[in-house]
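Visitor: The structure follows.
The values are calculated or read from the model by the stated rules, or taken from the named source; none is laboratory data. These figures come from a predicted structure and were not determined experimentally. Virtual Cβ from ideal backbone geometry, glycine too; neighbours counted across all protein chains shown.
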Amino acid sequence: MSSKISNYPGVEITPEDVRGQKYLLTRYETDLRYAFSSGVATSRFLRGLRRKELWGRECDGCGRVLVPPRMYCEACYRPTDRWVRLMDKGKVVTFSIAHVNSDASRRKEPILVSVIEIAGASPLMGILHLLGEVRPEKVRIGMAVEAVWRSDDERTGAITDIRYFRPIARRS
Ligand SMILES: [Zn+2]
């Protein structure tokens, strides 16, 4: 490491150097725009969401059904084999009761963030999403939940096409 640095000698600029105007300083606002490809697996997954469908990829090497879907199995080091339609329900694997927003400001009502194991996929295969229509103190690990979808004209092919997951009402 140090030998590399000695090959490229330079002078470190410290914050004090900048504040002391030792160097020319130009301020400007950046206007960054970007686009990226979602890839084969995620693109199909997102298109499925627009149709209220959840899709995973099955691997014949390990027999797992992966969701979110991947074209390559990281356990077997081989391509996955086929698409599998999943159910739009599952169970709570883990959850968190969040009382602060991402900017650390306090929330009036907590949000419930959960990893949902999706029915039809392998154990512990699931997606991170919100829980709704349930009080925080009523949430349990293993709780059966179902997706609450946005309306046809609201869905855009995004994970937010599912508004949240709610507990499946028990019928007796
Ligand atoms: Zn595999």
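Visitor: If the requirement is being farther than 30 Å from TRP149 by Cβ and either of a type in the set (A, V, I, L, M, F, W, C) or in contact with an Asp or Glu (Cβ under 8 Å, 6 or more places away or on another chain) (or both), which of these qualifies: VAL18, VAL40, VAL92, VAL65? Steps first, please.
Guide: Numbers: VAL40 fails: farther than 30 Å from TRP149 by Cβ; VAL92 fails: farther than 30 Å from TRP149 by Cβ; VAL65 fails: farther than 30 Å from TRP149 by Cβ.
The unique qualifying residue is VAL18.
Visitor: With respect to the numbered conditions (1) small (Gly, Ala, Ser); (2) within 30 Å of ARG140 (Cα to Cα); (3) outside any helix (DSSP H, G or I); (4) away from the ligand (no atom under 16 Å from the Cβ), which one is the sole condition not fulfilled by SER37?
Guide: If we test SER37 against (1) small (Gly, Ala, Ser); (2) within 30 Å of ARG140 (Cα to Cα); (3) outside any helix (DSSP H, G or I); (4) away from the ligand (no atom under 16 Å from the Cβ), just (2) comes out false.
Visitor: Among the residues of the stretch 26-57, which ones are among the β-branched types (Val, Ile, Thr) and either modelled with pLDDT of 95 or more or surrounded by 10 or more Cβ atoms within 10 Å (Cβ to Cβ) (or both)?
Guide: Within the stretch 26-57, VAL40, THR42 meet the criteria.
Visitor: Can you say whether THR42 is among the β-branched types (Val, Ile, Thr), farther than 16 Å from GLY157 by Cβ, outside any strand (DSSP E or B) and more than 16 Å from the ligand (Cβ to nearest atom), as far as the supplied structure shows?
Guide: Answer is no for this residue.
Visitor: Report, by residue number, each residue of the stretch 86-126 that is polar (S, T, N, Q) and surrounded by fewer than 19 Cβ atoms within 10 Å (Cβ to Cβ).
Guide: First, the residues of the stretch 86-126 that are polar (S, T, N, Q): 94, 96, 101-102, 105, 114, 122.
Across the stretch 86-126, the qualifying residues are THR94, SER96, ASN101, SER102, SER105, SER122.
Visitor: Specify the residue that is surrounded by the fewest Cβ atoms within 10 Å (Cβ to Cβ); the eligible residues are those in the stretch 14-25 that are at pLDDT 85 or above and either of a type in the set (A, V, I, L, M) or part of a loop (DSSP other than H, G, I, E, B) (or both).
Guide: Taking the stretch 14-25 as the starting set, the residues that turn out to be at pLDDT 85 or above are 14-24.
Pick out the ones that are also either of a type in the set (A, V, I, L, M) or part of a loop (DSSP other than H, G, I, E, B) (or both) and you get 14, 18, 20-24.
Working: THR14: 10, VAL18: 11, GLY20: 9, GLN21: 8, LYS22: 11, TYR23: 8, LEU24: 5.
It comes out as LEU24.
Visitor: Hey, could you check the stretch 154-172 for residues that are outside any loop (DSSP other than H, G, I, E, B) and in contact with a strand residue (DSSP E or B) (Cβ under 8 Å, 6 or more places away or on another chain) and say which is nearest to ARG51 (Cα to Cα)?
Guide: Quick first cut of the stretch 154-172, residues outside any loop (DSSP other than H, G, I, E, B) only: 159-167.
Still in the list and also in contact with a strand residue (DSSP E or B) (Cβ under 8 Å, 6 or more places away or on another chain): 159, 161-167.
Working: ILE159: 12, ASP161: 9, ILE162: 11, ARG163: 14, TYR164: 16, PHE165: 17, ARG166: 19, PRO167: 22 Å.
Checked the stretch 154-172; the qualifying residue nearest to ARG51 (Cα to Cα) is ASP161.
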